[in-house]
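Asks: One structure, pasted below without further comment.
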Amino acid sequence: MITIIDYGLGNLGSIKNMLVRSGIKCTISGDPDVIRSASRLILPGVGHFKYAMDTLHERGLVTVIQQRVREANVPLLGICLGGQLIGRHSEEGDVAGLGLVPMDVVAFDRARLMQGEKVPHMGWTVTPHSDIPLFASVQQPARYYYVHSFHFRCDDPHDEIAWAEHGYRFASGVRHGNVLGVQFHPEKSHVYGQQLLRNFAAMDFGA
Amino acid sequence: MKRIRVIPILLLAQSGMVKTERFAKPRYLGDPINAVKIFNEKRADELVLLDIEATAKGRIEFDWISDIVSEAFMPIGYGGGIASVEQAAELFKRGVEKIVVNTAAVENPNLISEIAARYGNQAVVASIDVKKNFWKKNRVYTRGGRKEAAADPVTLARACRDAGAGEIILTSIDREGTFGGYDTALLETVASAVDIPVVANGGAGSVDDFKRAVTDGKCSAVAASSMFVFAKKGEGMLISYPSESELQEQFWLRL
């Protein structure tokens, strides 16, 4: 059973809609006990990084998520802001994240954008990706819907699994062990996102 | 190649989908859910639902919106009758990504700030409707094109941006439903004045018009309504959306 973590931010209904449509069992919950019993976790999120971290702390979810992911090896997929929260630190609010992936979250470098390119980066972007099970059978060229003003910056390029270009190329997907993060919205990306979520539900993360 | 978003706008009224011309003469077109299913199959970039009766009737049809949104696996904007951040919260919970404000952008700009503060700038879209007056000056109208506002389009667009809107849908009332092409001069005036994306709307009749909205109008995305629900001007209903190759060849690769 996949649990979509509810901390008051993010488009939970859309993620659930897409999972249900794909025949994947899921539940939405902000209850630490339910989250502790989940076999897979999705961390959604839309909005401000600091506000999201403050809320996760207030609801006592930071340590629960960290324990389950680090000690019990529960697979976690972070989506959009949720993908950023798994990092170490964000420039948005200058605050620490969950620290599950060795990366920082940085603002788009506006000096490197071309004329007419605006922030937030908003829209569908063709997204090349590495050949890992998360992207198995995804129709090519894979494209996903993005809305963001900040992006991942990984310490280790080996953790990068997908890329997009907006002014310059940046990592839009990361994997570090059992933790995955995507900057785009698979739940709002037609068949491309549907296949990705199906893969996440079925992927073998090993022991 | 830069992909520019192509956004169908669906108008809701009379418990169904309608289509207007110059904001008048609503023609009933049936169940919006069927249309959304087709746009889903055709992998449309994004959809905007506008309930054109909501402000006048003072209500939002939350359950109906939920039903429509549950069929859409693409980003959804909703506009119509939103007057409080609580209503916006309810819409987000039901699967809407973007809140579209029109009348409230003029009458209660704090609403934009409140929604943006909680959900981010990308979640608030200011919809600005413009009509030329007797002296050919561009004037902003609210309440479904019925009430003239004091601000001119550029001033209002800047105010919405400063309040926290992440995007602007700019509609020419004079062109809406005419298939006669966008008012590119109007688009350019506003798009050049703000640093947030401006979505062209009102008048598109062909993919070529999309191109002009970007090259001449300086817009970041294009929206259309009649073109996606009618076979041609004056003809019967036909839900359509250009194919990926059509958009590439006739639009994106020609920018």
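Asks: Within segment B:48-101, can you find the residues that are more than 10 Å from chain A (Cβ to nearest Cβ) and charged (D, E, K, R)?
Replies: B:ASP51, B:GLU53, B:LYS57, B:ARG59, B:GLU61, B:ASP63, B:ASP67, B:GLU86, B:GLU90
Asks: Hey, among the residues in segment B:22-47 that are in contact (Cβ under 8 Å) with a residue 40 or more places away in the chain and in contact with an Asp or Glu (Cβ under 7 Å, 6 or more places away or on another chain), which one's nearest to the other protein chains (Cβ to nearest Cβ)?
Replies: B:PHE23
Asks: What are the residues in segment A:31-74 that are assigned to a loop (DSSP other than H, G, I, E, B) and either among the charged types (D, E, K, R) or closer than 20 Å to A:ALA201 by Cα (or both), if any? Working first, answer last.
Replies: Going residue by residue through segment A:31-74, those that are assigned to a loop (DSSP other than H, G, I, E, B) are A:31, A:37-39, A:44-48, A:59-61, A:71-74.
Once the filter is applied, which keeps residues that are assigned to a loop (DSSP other than H, G, I, E, B) and either among the charged types (D, E, K, R) or closer than 20 Å to A:ALA201 by Cα (or both), segment A:31-74 yields A:ASP31, A:SER37, A:ALA38, A:SER39, A:PRO44, A:GLY45, A:ARG59, A:GLU71, A:ALA72, A:ASN73, A:VAL74.
Asks: Go through the residues of segment A:193-205 one by one and say whether even a single one is of a type outside the set (Val, Ile, Thr), more than 30 Å from B:ARG94 (Cβ to Cβ) and out of contact with any Ser or Thr (no Cβ under 9 Å at 6 or more places or on another chain).
Replies: Of segment A:193-205, the ones of a type outside the set (Val, Ile, Thr) are A:193-205.
Then drop every residue that is not more than 30 Å from B:ARG94 (Cβ to Cβ), which leaves A:204-205.
Of the ones still in play, those that are also out of contact with any Ser or Thr (no Cβ under 9 Å at 6 or more places or on another chain) are A:204-205.
Yes, the conditions are met somewhere in segment A:193-205.
Asks: Looking at segment B:223-232, can you tell me whether even one residue there is within 14 Å of chain A (Cβ to nearest Cβ) and crowded, with 19+ Cβ neighbours inside 10 Å? Full working, then the answer.
Replies: First pass over segment B:223-232, keeping only residues within 14 Å of chain A (Cβ to nearest Cβ): B:223.
This time we only want the ones that are crowded, with 19+ Cβ neighbours inside 10 Å, so: B:223.
Yes, because at least one residue in segment B:223-232 is within 14 Å of chain A (Cβ to nearest Cβ) and crowded, with 19+ Cβ neighbours inside 10 Å.
Asks: Exactly one of (1) at pLDDT below 95; (2) within 19 Å of the chain's Cα centre (by Cα) is unmet by B:SER70. Its number?
Replies: For B:SER70, the exception is condition (2).
Asks: Any idea which of (1) closer than 28 Å to A:ASP54 by Cβ; (2) of a type in the set (Phe, Trp, Tyr); (3) more than 14 Å from every other protein chain (Cβ to nearest Cβ) is the one B:TYR119 doesn't satisfy?
Replies: (3) is the only condition that B:TYR119 fails.
Asks: Residue under question is B:VAL106, and the condition is that it be closer than 26 Å to A:TYR145 by Cα and among the hydrophobic types (A, V, I, L, M, F, W, C); does it hold?
Replies: On the way: closer than 26 Å to A:TYR145 by Cα: no; among the hydrophobic types (A, V, I, L, M, F, W, C): yes.
For B:VAL106, the condition - closer than 26 Å to A:TYR145 by Cα and among the hydrophobic types (A, V, I, L, M, F, W, C) - is not met.
Asks: Testing A:VAL46 on (1) surrounded by 20 or more Cβ atoms within 10 Å (Cβ to Cβ); (2) among the β-branched types (Val, Ile, Thr); (3) free of Cβ contacts under 8 Å to residues at least 12 places away in the same chain, one condition comes back false. Which one is that?
Replies: Just one mismatch for A:VAL46, condition (3).
Asks: Can you go through B:THR215, B:THR155 and tell me which one is hydroxyl-bearing (Ser, Thr, Tyr), under 23 Å from B:LYS131 (Cα atoms) and without any contact (Cβ under 8 Å) to a residue 12 or more places away in the chain? So that I can check it myself, show each step before the final result.
Replies: Values: B:THR215 fails: without any contact (Cβ under 8 Å) to a residue 12 or more places away in the chain.
Just one listed residue meets the conditions, B:THR155.
Asks: Any idea which residue in segment B:213-254 is farthest from B:ASN34 (Cα to Cα), counting only those that are of a type in the set (Gly, Ala, Ser) and assigned to a loop (DSSP other than H, G, I, E, B)?
Replies: Per the criteria, the residue is B:GLY217.
Asks: A further question follows. Tell me which of these B:ASN110 doesn't satisfy, since it passes every other one: (1) surrounded by fewer than 18 Cβ atoms within 10 Å (Cβ to Cβ); (2) modelled with pLDDT of 95 or more; (3) within 12 Å of chain A (Cβ to nearest Cβ).
Replies: For B:ASN110, the failing item is (3).
Asks: Give the residue that is nearest to the other protein chains (Cβ to nearest Cβ), with candidates limited to residues of segment A:50-67 that are surrounded by fewer than 16 Cβ atoms within 10 Å (Cβ to Cβ) and within 17 Å of the chain's Cα centre (by Cα).
Replies: Let us first name the residues in segment A:50-67 that are surrounded by fewer than 16 Cβ atoms within 10 Å (Cβ to Cβ), namely A:50, A:54, A:57-58, A:60, A:63, A:66-67.
In the following step, the residues that additionally are within 17 Å of the chain's Cα centre (by Cα) were identified as A:50, A:66.
Details: A:LYS50: 12, A:GLN66: 25 Å.
The qualifying residue nearest to the other protein chains (Cβ to nearest Cβ) is A:LYS50.
Asks: Anything in segment A:11-49 that is within 12 Å of chain B (Cβ to nearest Cβ), basic (Lys, Arg) and under 17 Å from the mean Cα position of the chain (by Cα)? List them, or say none.
Replies: A:LYS16
Asks: Let me ask something else about it. Can you report the number of residues in segment A:81-134 which are more than 13 Å from chain B (Cβ to nearest Cβ) and in a strand (DSSP E or B)?
Replies: 10
Asks: Exactly one condition in (1) within 14 Å of chain A (Cβ to nearest Cβ); (2) surrounded by 18 or more Cβ atoms within 10 Å (Cβ to Cβ) is not met by B:THR215; state its number.
Replies: Unmet for B:THR215, out of (1) within 14 Å of chain A (Cβ to nearest Cβ); (2) surrounded by 18 or more Cβ atoms within 10 Å (Cβ to Cβ): (2).
Asks: Determine whether A:GLU160 is among the acidic types (Asp, Glu) and farther than 29 Å from B:GLN248 by Cα. If you could, list the steps in order and put the result at the bottom.
Replies: On the way: among the acidic types (Asp, Glu): yes; farther than 29 Å from B:GLN248 by Cα: no.
Spelling it out, it is not the case that A:GLU160 is among the acidic types (Asp, Glu) and farther than 29 Å from B:GLN248 by Cα.
Asks: Suppose we filter A:LEU113, A:LEU41, A:LEU85 for residues that are under 30 Å from B:GLU167 (Cα atoms) and at pLDDT 95 or above; which single one remains? Can you show your working first?
Replies: Numbers: A:LEU113 fails: at pLDDT 95 or above; A:LEU41 fails: under 30 Å from B:GLU167 (Cα atoms).
Result of the check over A:LEU113, A:LEU41, A:LEU85: A:LEU85.
The values are calculated or read from the model by the stated rules, or taken from the named source; none is laboratory data. Note that the structure is predicted; figures quoted are calculated from it, not measured. Glycine also receives a Cβ, built like all others from the backbone with ideal geometry; neighbour counts cover every protein chain displayed.
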